[in-house]
Amino acid sequence: MIMEQKPKVMEQKTIDFTHGVENNPESEENYILHLDRFNKQCRTVLEQLLTGRRLNVRDAFMGLDIGHLPRRIKDLREAGIPVNDEFPRNPDGSKARFKEYWLDPQFINGYLSRIDTSAECHQNT
């Protein structure tokens, strides 16, 4: 007598990706204050943006040796840096080929004041 074997049924486990906000204001500030942990290209891009400069892919590649500026911008945004972007207009009114990235002056001033405060705190300890 041959017994029929029932096929094994495997149940799919569910994974919950709704885990709330990871970067609350306290951890954002801590992350920002420890910029030395950014990779070199992210630091270079952030330093340029903090001067008030607008960057585009061509200028970043030619002048700063940044191979893929959009990826570095994405890294900065994921770290909580609010980088703005737009396609500027050419003199004839058409859109430029390269998107420009920049930081708002208000963010720059607030960011730099937090860095200064942090440096003073570390010197006093």
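Summary table below
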quantity	calculated
Counted charge near L69, where neighbours are those whose Cβ lies closer than 13 Å (Asp, Glu -1; Lys, Arg +1)	+3
Sequence of I108, I66 once ranked by neighbouring C-beta atoms within 10 Å, starting from the fewest	I108, I66
Peptide ranges 73-81, 90-98 listed from the most packed, as the mean C-beta count within 10 angstrom indicates	73-81, 90-98
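Only the coordinates and a few stated rules stand behind these numbers; no lab work does. Predicted, not measured: the structure shown is a model, and the values here were computed from it. So basically every Cβ, Gly included, is an ideal-geometry build from the backbone, and we count neighbours across all protein chains shown.
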